[in-house]
Amino acid sequence: VLKQELERLFHLYYTNGYKESTEEIFAVLNKYTIYDICSVLKQFIRELPDPLLTQDLLEAFILVPNHENLNKMTVHNIATIMAPNLFPVLAQKKRTKQMEGLKEMETIMERAKDSFYITKTLVYNHLVLFHVPPYLIAQIQRRKK
């Protein structure tokens, strides 16, 4: 049911414009749990005809720090650029009176710093964190047959 509703909303988005359809999409999504929405999103991403990060792009991303003397993209710089996209600190919609002014800014800065360190750790350890062992790849390939 949720998938059909999302497909309808997707069509609505592309035919009626951004603002109205976005509001309707949020209204519909608020009827479901975060678990339902994440499940559908993961399935949607898995079923894309081409992956979000193709193998070719993945190889290119991995090589970026290897050329830091030319492109100035050290792991530190990559984390600085990617962290706000992976962990949007300012995405909070609900603000409280206690989070105004300086305290809010301190919280935002602390979260930004944390997201930077998490992203930097992910980049540094990408080979360990995102390595799929050959036996697991073989097992998945056997299941697909």
Calculate one ³J(HN,Hα) per residue across the range 130-140 by plugging θ = phi - 60° into the Karplus curve 6.51 cos²θ - 1.76 cosθ + 1.60, and present them in order as whole Hz with x for glycine and proline. 10, 7, 9, x, x, 4, 6, 4, 4, 4, 5
For the range 35-49, what does the Karplus curve 6.51 cos²θ - 1.76 cosθ + 1.60, with θ = phi - 60°, yield as ³J(HN,Hα) per residue in whole Hz, taken in order and with x for Gly and Pro? 5, 4, 5, 5, 4, 5, 4, 4, 5, 4, 5, 5, 8, 4, x
Output ³J(HN,Hα) for the range 74-80: one whole-Hz value per residue in order, computed from phi by the Karplus curve 6.51 cos²θ - 1.76 cosθ + 1.60 with θ = phi - 60°, and x for Gly and Pro. 6, 4, 4, 5, 4, 5, 4
Based on the Cα gyration tensor of the range 105-145, what are the three equivalent ellipsoid semi-axes, each the root of five times an eigenvalue, rounded to whole Å and given largest first? 37, 11, 4
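Each reported figure results from applying straightforward, stated rules to the coordinates on display, with no laboratory input. Note that the structure is a prediction, hence the values are computed from the model and not measured.
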